[in-house]
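In what follows, a single structure is set out as structure tokens and then discussed.
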Amino acid sequence: MLGALTFNGDAWWWVALLCGLILLPVSYFAWKTDGHLARGYVLGFTLRGLGIVLLLLCLLDPHWTGERPAKGENIVALVADNSQGMLLTDPGDTESRGQQLKSKLAGTDAAWLDKLSENYQTRPYRFDRDLRRIADFGTLDFTGDRSNLVQTLSQLNERFDGLPLAGILLFTDGVATDAEELDTIPLENLPPIYPVTIGKPAPLPDLSIDRIDLRQTAFDDAPVSLKVVVSSSELPAQTISVEVNPIQTARSLPSSGSDSDAPKPQMLRTKTDGSSHTTAFDWRPAQSGIQFFEVSTYSTREEETEATLANNRRIAMVDGGQKAFRILYVSGRPNWEYKFLNRALHDDLQLQMTGLIRVARREPKFEFKGRAGESSNPLYRGFDRSEEEAERYDQPVLIRVNARDETELRDGFPKVAEELFEYDALIIDDLEADFFSFNQQTLIRRFVSERGGGLLVLGGADALDHGGYDKTPIAATLPVYLDKTYERAASENLSWKLTREGWVEPWTRVRPVETDERVRLNAMPQFRVLNTLPRIKPGARVLAEVENLLGNRYPSLVAHNFGAGKVACVAVGDLWRWGLRGASEQEDLAQFWRQVSRWLVTDIPQIVEIEAKSNANGVDLVVEARDDKYKPLEIGEARISIKRVDLSTAELADHTGFTEVELYADPVSNAPGRYSTTFSSQDEGAYLASVEVLGSQGEVIGMAETGWVNEPLAHEYQSLSPNIDLLQTIAAKTGGKLLAWEDLSTIEEEFAKRSAPITETWSYPLWHNGWLFLGALSCFLAEWGLRRKRGLA
């Protein structure tokens, strides 16, 4: 704070002015010869005049005044990092960063703090997960699992709003676990922040997992792909191992031997000067539902010592979906398409297909002259079915395949929503529209739009344009128009081709590499059965086409979304020819059918769903519940069980924190069928949440599960070197300054240079200063000596 010159002798200004008007001319004439100042005598006049002015100033009582921070009125917040990152020891040091910090703040090196406390109110704080006031810095234990620096600054801004906070001394390494939120707080509203960097910028010896990226798809034979980025620094060249192992939960089936539910370990070779490596694991988990896998890395050389082992382990969560998706297949006749489709889905434990195959059409009703007392269709002789179960002649003859029990589809295609909505997808193969009643056609439309189910319509002699679907409720769901006459395409020598949109859809491709996929497409057989799709509806996507020998192309695979569900049409009626080529072609066709089937059931709404959303205080759990008609459940109860699953039996015995708890979710007033609650815990670990929804009568509506992984230490140890750039940014935006340890001895002077919230005025009288009179006397003596030298009296 700069001072200013003030004059308190206002009553004497006229005396000083009058004396100046008299004495200055006298001095002029004293040095004047022959009517002008003698040559070289200007200095003498100047010295006398300056001496006179200094003496006249004393009459005006001059004071040097200014402002300074009021003693004991302003606050300085001392904020120390209490996270586990302070346990690191830098190269060449014998003490950890935390021990050095405690020595500077509470040990023998804390004399600067006593000096600062003489003029400021010093308030000590520690921060890790949040900000806390402490009595002294001797209580720092460095057990925090995160460094929420940005949240700490925000809390300081709130706590000291309206209080005289002069500045903040921030002791940290700058490795903030919430650094990405820095732009969300107004740093300009904070007082000057003076970060003191803890730690040295030199890299530490360490092997770490920097990042894991999990990709899940429903369309590959290895639906889980995990990319792991591993880095090494300040360690000699060596071979390291990266492993992925399942975390066994209470409901998990232990894997053994060749049926291990994890990919094989991978070996990597690091470099002496540090290196980063990326490796990928692809596998299909053996179980459904929420699963957790531990990703770890370690050196094959046991003698190597790392700065920390906390960043050598990560946890990945895999959502394997529900136990099984149910698909209803309805066909107008036994055909080869069903054979290959059923064979393909038989090996997929999550896809269960129930078939309803018509072996004879409905015929005009008449009295059959057969065996005495027989009124049912003789086609059912030998099928061990009762007289009541066998269809009459005026009913189609249907065969159930892979039925769940003896009652499933006993009366044919479902007639009510409760029965049809049990399935996740519906496949209609070569079947005319008249097979369904109008109510059943409307039910199929509701199955897609309301239930959110998937519908696949396959081509054939009685399908699509040949099946009389025009102006039916089912036609409204299809991605094509069937309401106009058109010229039918020549269905000879048709080659399957992917469109531009088809190339980017993973479920329409069989090979992962484009060149391999083009080779496969060129080797596919030519087809001969095609249902012409005249016009595509807006928003529908043509994913594949067939091309004849003339180069004409026709849509062969079209899909779109309808309501809450999705619909696809395959216009080719003899895809089974693809599987007759050989074993490799059969496997390609099987993979294609699995991918199409998984696309049908992917993201299908379930009767009960639960979602976990992270927040600042824990996790928000949101439950969506529906009745058997997939309408929002108006009256119900949601009970959630949360369990930490990453602890071994030995770790559970020593663990004193949370392991399992039950919560009840509250209904959301403005969202029928939705329930929510908050799980207020930020402890490290893998968590599994299971919900059971009960109806108004206490009956079980459904169950679902979700999970999440909380790994604060992975962010805490994302960098072992101080983040000086972040600290400089904070200091610059708040008007502070980045400090070193040795700068603390002069920190009080640094605060004194700044404008403090509460100040006091100080004043120093200049005329009481002996230097002022000494200056005037010096001017007169110098002027007298000069006169003597010039020979003047």
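The values are calculated or read from the model by the stated rules, or taken from the named source; none is laboratory data. Quick caveat: nothing in here was measured; it's all calculated off a predicted structure. Here the Cβ positions follow ideal geometry from the backbone for every residue, glycine too, while neighbour counts run over all protein chains shown. To get the accessible areas, we keep the full protein, side chains included, count just its heavy atoms, and leave off ligands, DNA and RNA. Shrake-Rupley method; radii C 1.70, N 1.55, O 1.52, S 1.80 Å.
Take the conditions (1) over 20 Å from residue 450 (Cα atoms); (2) surrounded by 16 or more Cβ atoms within 10 Å (Cβ to Cβ); residue 616 misses just one of them, which is (2). Within segment 167-193, restricting attention to residues that are open to solvent by 10 Å² or more (accessible area, probe 1.4 Å) and either of a type in the set (Val, Ile, Thr) or in a strand (DSSP E or B) (or both), the residue that is nearest to residue 716 (Cα to Cα) is 177.
Please state which one of 528, 500 is open to solvent by 80 Å² or more (accessible area, probe 1.4 Å) and more than 43 Å from the chain's Cα centre (by Cα).
Working: 500 fails: more than 43 Å from the chain's Cα centre (by Cα).
Among 528, 500, only 528 is open to solvent by 80 Å² or more (accessible area, probe 1.4 Å) and more than 43 Å from the chain's Cα centre (by Cα).
Checking each residue in segment 540-549 for being free of Cβ contacts under 8 Å to residues at least 60 places away in the same chain and either out of contact with any strand residue (DSSP E or B) (no Cβ under 8 Å at 6 or more places or on another chain) or not in a strand (DSSP E or B) (or both) picks out 548, 549. When the residues of segment 759-791 are filtered to those that are surrounded by fewer than 15 Cβ atoms within 10 Å (Cβ to Cβ) and within 60 Å of the chain's Cα centre (by Cα), which remaining residue is farthest from residue 66 (Cα to Cα)? Result: 760.
Is at least one residue of segment 93-113 out of contact with any helix residue (DSSP H, G or I) (no Cβ under 9 Å at 6 or more places or on another chain), touching a residue at least 40 places away in the same chain (Cβ under 8 Å) and closer than 28 Å to residue 143 by Cα? Scanning segment 93-113, I find no residue that is out of contact with any helix residue (DSSP H, G or I) (no Cβ under 9 Å at 6 or more places or on another chain), touching a residue at least 40 places away in the same chain (Cβ under 8 Å) and closer than 28 Å to residue 143 by Cα, so the answer is no.
Which residues, counting only those in segment 21-35, are surrounded by fewer than 15 Cβ atoms within 10 Å (Cβ to Cβ) and either modelled with pLDDT of 75 or more or of a type in the set (A, V, I, L, M) (or both)? If you could, list the steps in order and put the result at the bottom.
Quick first cut of segment 21-35, residues surrounded by fewer than 15 Cβ atoms within 10 Å (Cβ to Cβ) only: 21-22, 25-26, 28-29, 32-35.
The answer is 21, 22, 25, 26.
Selection of helices (runs of 4 or more DSSP H) fully inside segment 702-793 by the criterion of at least 2 residues being at pLDDT 90 or above and over 30 Å from residue 692 (Cα atoms) returns 724-734. Restricting segment 490-512 to residues that are of a type in the set (Gly, Ala, Ser) and touching a Leu at 6+ places or on another chain (Cβ under 7 Å), which is farthest from residue 545 (Cα to Cα)? My answer is 491. Per the conditions (1) open to solvent by 50 Å² or more (accessible area, probe 1.4 Å); (2) part of a strand (DSSP E or B); (3) over 19 Å from residue 455 (Cα atoms), the sole criterion not satisfied by residue 561 is (3). Mind checking which residues of segment 719-738 are in contact with a Ser or Thr (Cβ under 8 Å, 6 or more places away or on another chain) and crowded, with 17+ Cβ neighbours inside 10 Å? If the condition is that a residue be in contact with a Ser or Thr (Cβ under 8 Å, 6 or more places away or on another chain) and crowded, with 17+ Cβ neighbours inside 10 Å, then 720, 722, 727, 738 are the ones that fit.
For residue 551, are the conditions met, namely being out of contact with any Leu (no Cβ under 9 Å at 6 or more places or on another chain) and farther than 30 Å from residue 632 by Cβ?
Details: out of contact with any Leu (no Cβ under 9 Å at 6 or more places or on another chain): yes; farther than 30 Å from residue 632 by Cβ: yes.
Yes, satisfied.
When 658, 679 are checked against the criterion of being at negative phi, among the aromatic types (Phe, Trp, Tyr), under 25 Å from the mean Cα position of the chain (by Cα) and open to solvent by less than 30 Å² (accessible area, probe 1.4 Å), a single residue qualifies: 679. Identification of strands (runs of 3 or more DSSP E) wholly contained in segment 414-530 with 1 or more residues that are out of contact with any Gly (no Cβ under 8 Å at 6 or more places or on another chain) and of a type in the set (Ser, Thr, Tyr) yields 495-498. Scanning segment 437-458 for residues that are open to solvent by 10 Å² or more (accessible area, probe 1.4 Å) and aromatic (Phe, Trp, Tyr) returns a single hit, 438. Residues of segment 295-307 that are surrounded by fewer than 20 Cβ atoms within 10 Å (Cβ to Cβ) and in a strand (DSSP E or B): 296, 298, 299.
Results for (1) closer than 19 Å to residue 699 by Cβ; (2) over 26 Å from the mean Cα position of the chain (by Cα), shown as yes or no for each residue.
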{"site": "613", "(1), (2)": "no, no"}
{"site": "625", "(1), (2)": "yes, no"}
{"site": "632", "(1), (2)": "yes, yes"}
{"site": "643", "(1), (2)": "no, no"}
{"site": "669", "(1), (2)": "no, yes"}
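Could you tell me whether residue 163 is touching a residue at least 60 places away in the same chain (Cβ under 8 Å), over 27 Å from the mean Cα position of the chain (by Cα) and outside any strand (DSSP E or B)? Answer is yes for this residue.
A count restricted to segment 435-474 and to residues that are more than 21 Å from residue 338 (Cβ to Cβ) and in contact (Cβ under 8 Å) with a residue 40 or more places away in the chain stands at 6. Per the conditions (1) open to solvent by less than 60 Å² (accessible area, probe 1.4 Å); (2) at pLDDT below 90, the sole criterion not satisfied by residue 244 is (2). Restricting the search to segment 303-327, which residues are in contact with a helix residue (DSSP H, G or I) (Cβ under 7 Å, 6 or more places away or on another chain) and of a type in the set (Lys, Arg)? Across segment 303-327, the qualifying residue is only 314.
Filtered by the rule that a residue be within 39 Å of the chain's Cα centre (by Cα), within 17 Å of residue 492 (Cα to Cα) and among the β-branched types (Val, Ile, Thr), segment 545-571 gives a lone residue, 570. Taking the criterion of being part of a helix (DSSP H, G or I) and more than 40 Å from the chain's Cα centre (by Cα), the residues of segment 572-599 that qualify are 575, 576, 577, 578, 579, 580, 583, 584, 585, 586. Scanning segment 739-749 for residues that are of a type in the set (Asp, Glu) and crowded, with 17+ Cβ neighbours inside 10 Å turns up just one, 748.
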